[in-house]
Amino acid sequence: MDITFETEVGRFNYRVCAVLLDRGRILAMHDERSPYFYLPGGRVRMGERAEDAVLREVREELGIEARILRPLWLSQSFFNEDVVRVDYHELCLYFLLDAAGTDLLSRGDRFRGPELRHVHDFEWLPFERLKDEYFYPLFLKTEIFHLPEQLTLRTDRE
């Protein structure tokens, strides 16, 4: 069971995101429901460690076995989602991952990956291009240039 629930004023999510980097680029994705780019990842399940959740999500979405290098951010985000127009209160742990030893880079700059319910389009976006892209979370458009060495708490209202 995913840790997400509805209230009369919005939705709460506990999720994880994978930060996969290559030569000044970040792996982003979107699907048929979302016109904007976002990071691979998803909701944490009840009783699941965040570390296990991010590796599971990467396995499900990309079909690879990645390795966690370090946690980057714990983000408390408050936003209205652009497609469903629901107010969210979201806790998200961002992890820097290493995909060395996988076929991820051989798939090209753009590739498609089917998951259980959706088809995902992936793209390696250059850091400099993020500022002009329809991309969430907004803070990554600038913070991608300054990855923290230790887990950092953020609060964002988008």
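The values are calculated or read from the model by the stated rules, or taken from the named source; none is laboratory data. This structure is a prediction, so every number in the text was calculated from the model and none was measured. Because the Cβ atoms are built from the backbone with ideal geometry, glycine has one as well, and the counts that use them run over all protein chains shown. Heads up: the accessible areas ignore ligands, DNA and RNA and are worked out on the full protein's heavy atoms, side chains in. Shrake-Rupley method; radii C 1.70, N 1.55, O 1.52, S 1.80 Å.
Brief remarks on what is shown
- Filtering the stretch 115-158 to residues that are assigned to a strand (DSSP E or B) and over 15 Å from residue 28 (Cα atoms) leaves 152, 153, 154, 155, 156, 157.
Condition check ((1) touching a Phe, Trp or Tyr at 6+ places or on another chain (Cβ under 6 Å); (2) under 22 Å from residue 149 (Cα atoms); (3) open to solvent by less than 60 Å² (accessible area, probe 1.4 Å); (4) in a strand (DSSP E or B)) across all residues:
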site	(1), (2), (3), (4)
14	no, no, yes, yes
26	no, yes, yes, yes
30	yes, no, yes, yes
42	no, no, yes, yes
51	no, yes, no, no
57	no, no, yes, no
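- Among the residues listed as 81, 123, the single one being open to solvent by less than 40 Å² (accessible area, probe 1.4 Å) and either modelled with pLDDT under 95 or in contact with a Cys (Cβ under 6 Å, 6 or more places away or on another chain) (or both): 81
- Against the list (1) part of a strand (DSSP E or B); (2) aliphatic (A, V, I, L, M); (3) under 16 Å from residue 20 (Cα atoms), the condition residue 105 fails is (1).
- Applying the set (1) under 22 Å from residue 122 (Cβ atoms); (2) surrounded by fewer than 17 Cβ atoms within 10 Å (Cβ to Cβ) to residue 93 leaves exactly one unmet item: (2).
- The selection criterion, being open to solvent by less than 40 Å² (accessible area, probe 1.4 Å), of a type in the set (Asp, Glu) and touching a residue at least 24 places away in the same chain (Cβ under 8 Å), does not hold for residue 158.
- Of all residues in the stretch 1-12, exactly one satisfies the criterion of being in a strand (DSSP E or B), of a type in the set (Asp, Glu) and free of Cβ contacts under 8 Å to residues at least 40 places away in the same chain, namely 6.
- Residues that are of a type in the set (Phe, Trp, Tyr), open to solvent by 40 Å² or more (accessible area, probe 1.4 Å) and within 29 Å of residue 7 (Cα to Cα) occur in the stretch 134-141; there is at least one.
- The set of residues in the stretch 59-78 that are in a strand (DSSP E or B) and either charged (D, E, K, R) or open to solvent by 60 Å² or more (accessible area, probe 1.4 Å) (or both) comprises 67, 69, 70.
- A single entry from 84, 16 fulfils the requirement of being among the β-branched types (Val, Ile, Thr), under 24 Å from residue 155 (Cβ atoms) and either in contact (Cβ under 8 Å) with a residue 24 or more places away in the chain or in contact with a Pro (Cβ under 9 Å, 6 or more places away or on another chain) (or both): 16.
- Members of the stretch 96-120 found to be closer than 30 Å to residue 10 by Cα, open to solvent by 30 Å² or more (accessible area, probe 1.4 Å) and not acidic (Asp, Glu), listed by number: 114, 116, 117, 118, 119
- Residues in the stretch 125-139 include at least one that is within 24 Å of residue 65 (Cβ to Cβ) and in contact with a strand residue (DSSP E or B) (Cβ under 6 Å, 6 or more places away or on another chain).
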